[in-house]
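Derivation of every value follows stated rules applied to the coordinates shown; laboratory data play no part. It should be emphasised that the depicted structure is a prediction, and the values quoted were computed from it without experimental measurement. Virtual Cβ from ideal backbone geometry, glycine too; neighbours counted across all protein chains shown.
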Amino acid sequence: MKKLLILLVSILITFNSYADFNSGLDAYEDKDYATALRIWQPLAEAGDMDAQAMLGQMYLYGDGIPKDEEISSKWYELAAKQGDSVSQNFIGVAYELGIGVTKNYKTAVKWYKLSAEKKDRYTDDQIQMDSLYYLGKMYQYGWGVPKKNVIAHMWFNIAASLGDNESARIARKLESKMNSYDISLAKEFAKKCKLLNYKCTELYADEIAKKVVKKDYGEKDAAYFEAIRIAQIEQEKLKEKEISEVEKTETEKKASKTC
């Protein structure tokens, strides 16, 4: 009974919070920024993700209040930490350009990746296309990550497949700096990346390494290196087994002496 009461109270609070947020949204759309701020400020301070995101927007653009990039980034980051894909994209841009925060490319990439893995919560029909574009740019220039045309092309290619013409243009431009093998590899990665819900940058590190070995040394040599790797693993297992047997023998000897 007690758990049910807590659940009902929680639902009621959530409903009231949602209703209050929408009241603020109505005021915001009517350009009654003072009312929107009055409604959203306590909600944001209480942890409401939507209100935090909207305060970030208000302070970024100076909607009815003095423009303050530092305060804007603070609210965007709080909403981003709760999983808001739009805020994750915005705070990624903030860290890339140094808007209200200290410029940090690695942190920007972190937020872009998190944003790219989610659907746009406002449209619910596509992931954050902007984050895909920004990830492509980070890998294209080596900002916060190793410079890799293959990975950059992958991200641009995915954004282009969703209708982003600028990403399509950059992908074509990148191809002039890539050989046919790398272009084919990037397109292959783009297809797989979609199937993995865009959680794919690190997953391809090993695959790239394997394909580079095959590319540089040929299939036979690549197979040879793989055989060596497997043999080394087996040797390590054998060593561990020998050590374990020695330790077991020593333990048995000690036990017999005690007896």
- Message: Which order do the peptides 168-178, 86-96 come out in when sorted by mean C-beta neighbours inside 10 angstrom, highest first?
- Response: 86-96, 168-178
- Task: Multiply the residue separation of Lys199 and Ser23 by 0.36 nm, subtract the distance between their alpha-carbon atoms, and state the gained length in nm to one decimal.
- Result: 59.7 nm
- Message: Tell me the net charge near Asp32. Cut-off is 10 Å between Cβ atoms, Asp32 excluded, with +1 for each Lys or Arg and -1 for each Asp or Glu.
- Response: -1
- Okay, which of region 75-92 sit inside 18 Å, backbone N to the point 7 Å along the Cα-Cβ direction of Leu162? 80, 83-92
- Task: Mind ranking 188-195, 158-165 by how tightly packed they are, going by the mean number of other C-beta atoms within 10 angstrom, highest first?
- Result: 158-165, 188-195
- When Thr102, Thr35 are arranged by how many other beta-carbons sit within 10 Å of their Cβ, fewest first, they go Thr102, Thr35
